[in-house]
Amino acid sequence: MKSLFPLLEKNKKLIYLDSSATTQKPKEVLDALQKFYEESNANVHRGAYSLAQKATVEYETAREIIAEFIGAQKEEIIFTRGTTESLNLLASSLGKKLVAGDEILLTEMEHHSNLVPWQQLAKEKNLLLKFIPVTSEGILDMREVKKLISKRTKIVSVTHISNVLGTINPIKELAVLAHAAGALCIVDAAQSVSHLPINVRELGCDFLAFSGHKMYGPTGIGVLWGKKELLEEMEPVQYGGDMISEVTFKDARWNEVPWKFEAGTPNIAGVMGLAAAVLFLQKNFKEIQGHEKELTEYALEKISTISELKILGPRILSSGSHILSRGPLVAFTMNGIHPHDVAEICNRYTIAVRGGYHCAMPLHQKLGIPGSVRASFAFHNSKKDIDTLVKALQKAQEVIR
Ligand SMILES: Cc1ncc(COP(=O)(O)O)c(C=O)c1O
């Protein structure tokens, strides 16, 4: 499948195992970006001339494609720069209504982008942050959730798939528990949207955030999905052109959702690229899922044969279904070798893996480790890539000892 990705075609030796950080881009996505600039480039929502109308129609059609992909209505799709911006938008907007003593429930496995915005809000407003613990197997301790949720809990915000442990969290169950307490349920889908079929109504959450660049799309574009009735009640957090319906020297009134949350000229080309990425995923979804499942199982099996290496996260293997029971990534530590050194040695074998905290420093602190090495898989990887990784890891042990 490497042939679908121009960068990999041009770098035949590269073994790219860092798709959890960002995916490589298929030709369709690159073509969509170029096509927009060559054939439709104009600002959206503001020109009476034909080219501007063409750009606006394409931009709004892309919104429909993305909405359909996650089972949403098109007005519920807000374009942002990515997961981080989506979660910051929520913290800023929902935060306006929170008062001292209100509680926010997160988990110990959150990426910094689903932790720091809430931490800052908590400091500013005197809120209480609570964390669902991670067990020694790397899953959420669901027995604790009922004890942690209280009448003061206003928000439960959870990652769908951990970018370190690979754990797939029980969102449906968490949404039910959050709603029973009168809280909102937010899902960070950065690591899940290109690996699991997502239907926001079936998940039962209130908001869902994801990034284009982790799902074969361009950087600088992402989505915040929210239930329409909730978005309508919320205040925008950025002000300027396009997000208003009327402005006087003294005041302004907001546009309807979703535009109320899209101040200024959006990343129009990025939206076209994201829609192309969604079409790419839809066309290949079954195949991608089956392939990623096979690779993840193979990687877990092969990597675990290396001595003095500890794999993080749950060791769930095949249940016979096509669908992943663990995200397509394997993070691990190697006794006596710093993760950065492992990543550097892998680089000598033209293998791109990530070493460090993966923006989840508190989770690593809890696990008592100075970071980890992470190999993550996508459509273009093969079992041979994993075999080469295993050889490089064995070499790392020889070199360092
Ligand atoms: C689970 C998770 N949440 C959020 C993010 C942040 O995504 P972005 O940097 O695209 O905003 C990442 C990125 O690694 C992630 O893995």
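The values are calculated or read from the model by the stated rules, or taken from the named source; none is laboratory data. Computed from a predicted structure; not experimentally measured. FYI the Cβ positions are ideal-geometry reconstructions off the backbone, even for glycines, and counts take in every protein chain you see.
Here are the numbers:
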quantity: Residue among 4, 98 that is without any contact (Cβ under 8 Å) to a residue 60 or more places away in the chain and hydrophobic (A, V, I, L, M, F, W, C); calculated: 98
quantity: Some residue of segment 313-322 being among the β-branched types (Val, Ile, Thr) and more than 25 Å from residue 110 (Cα to Cα); calculated: no
quantity: Flag for residue 274 being outside any strand (DSSP E or B), touching a Pro at 6+ places or on another chain (Cβ under 8 Å) and away from the ligand (no atom under 16 Å from the Cβ); calculated: no
quantity: Strands (runs of 3 or more DSSP E) wholly inside segment 324-395 that include at least 3 residues being touching a residue at least 24 places away in the same chain (Cβ under 8 Å) and buried (at least 23 other Cβ atoms within 10 Å of the Cβ); calculated: 329-334, 372-376
quantity: Residue among 107, 153 that is of a type in the set (Val, Ile, Thr), farther than 15 Å from residue 170 by Cα and modelled with pLDDT of 95 or more; calculated: 153
quantity: Top-ranked residue of segment 92-117 - restricted to ones that are within 13 Å of the ligand (Cβ to nearest atom) and under 17 Å from residue 206 (Cα atoms), ranked as farthest from the chain's Cα centre (by Cα); calculated: 106
quantity: Subset tally (residues that are touching a strand residue (DSSP E or B) at 6+ places or on another chain (Cβ under 6 Å), in a loop (DSSP other than H, G, I, E, B) and away from the ligand (no atom under 11 Å from the Cβ)) for segment 9-23; calculated: 1
quantity: Test: residue in segment 149-164 that is within 13 Å of the ligand (Cβ to nearest atom), of a type outside the set (Phe, Trp, Tyr), crowded, with 24+ Cβ neighbours inside 10 Å and farther than 25 Å from residue 278 by Cβ; calculated: yes
quantity: Filtered residues of segment 178-188 (kept if of a type in the set (A, V, I, L, M, F, W, C) and more than 23 Å from residue 113 (Cβ to Cβ)); calculated: 180, 181
quantity: Any hit, segment 208-222, residues being away from the ligand (no atom under 15 Å from the Cβ), among the aliphatic types (A, V, I, L, M) and more than 30 Å from residue 6 (Cα to Cα); calculated: no
quantity: Positions within segment 338-363 being under 19 Å from the mean Cα position of the chain (by Cα) and not small (Gly, Ala, Ser), in sequence order; calculated: 353, 354, 357, 358, 359, 361, 362, 363
quantity: Meets criteria (over 22 Å from residue 274 (Cβ atoms), more than 11 Å from the ligand (Cβ to nearest atom), touching a Ser or Thr at 6+ places or on another chain (Cβ under 9 Å) and charged (D, E, K, R)) for residue 235; calculated: yes
